[in-house]
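See structure below.
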Amino acid sequence: MTWQHRAATAADLEQIVAIYNSTIASRQVTADLEPVSVASRQQWFAEHQGTRPLWVVEQGGQLLGWLSFSSFYGRPAYARSAEISIYLAASARGQGLGRYLLEQAIAAAPTLGLDNLLGFIFAHNEASVGLFERLGFQRWGHLPRVAVLD
């Protein structure tokens with residue numbers, strides 16, 4: 001079977017949130033310390049339209065992960081740049097799915113009017129740092145002690 005990505009729909013939001021929440025305890029991926037609710041993510045979901053889409057990736061009808069494009073600082077001069085975030089279900093990690101999604105995002109960037117993609121990745125998240133570097137991303141900053149995870 002192959003992976004397929006598509007635009008997320010409101011019907012996907014519960015699974016998107018479940019995947020997100022499954023990463024919180026590891027302190028590897030997000031600065032949220034407690035699970036979020038579907039209701040609290042409604043506005044975030046609504047903001048992912050047009051040139052800032054939210055994709056889900058499936059295999060055999062099972063949602064395995066998602067990728068979001070978010071505005072970088074939200075100011076007009078940054079309109080051609082977007083932050084990307086990738087979250088995968090635990091069962092889907094380590095199989096190349098993150099690479100697939102990142103490659104799809106890079107390929108789609110020009111059609112979304114984007115010249116620059118960036119990710120905010122914890123330095124101790126070596127898998128994600130390595131993935132982004134293998135696909136040509138460079139480290140441009142290190143912000144020690146910015147996030148207090150415990």
Check your understanding: Of all residues in segment 10-53, which are part of a loop (DSSP other than H, G, I, E, B), more than 29 Å from PRO144 (Cβ to Cβ) and among the β-branched types (Val, Ile, Thr)?
Key -> VAL38, THR51
Exercise for review: Kindly indicate the residue of segment 1-50 that is in contact with a Lys or Arg (Cβ under 9 Å, 6 or more places away or on another chain) and aliphatic (A, V, I, L, M) and also nearest to LEU63 (Cα to Cα) among those meeting that condition.
Suggested key: ILE16
Review point. If you scan segment 113-150, which residues turn out to be in a loop (DSSP other than H, G, I, E, B) and of a type in the set (S, T, N, Q)?
Key: ASN125, GLN138
**Study point:** Check on GLN59, touching a residue at least 40 places away in the same chain (Cβ under 8 Å), of a type outside the set (Asp, Glu), surrounded by 14 or more Cβ atoms within 10 Å (Cβ to Cβ) and closer than 21 Å to ASN21 by Cα
**Key:** yes
Exercise for review: Just name the residue that is farthest from GLY98 (Cα to Cα) out of those in segment 19-64 that are among the acidic types (Asp, Glu) and out of contact with any helix residue (DSSP H, G or I) (no Cβ under 8 Å at 6 or more places or on another chain).
Suggested key: GLU47
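FYI, it's all coordinate maths here, none of it is from the lab. Nothing here was measured: the structure is a model prediction, and the numbers come from that model. Using ideal geometry, Cβ is built from the backbone for each residue, glycine included, and neighbour counts are taken over all protein chains shown.
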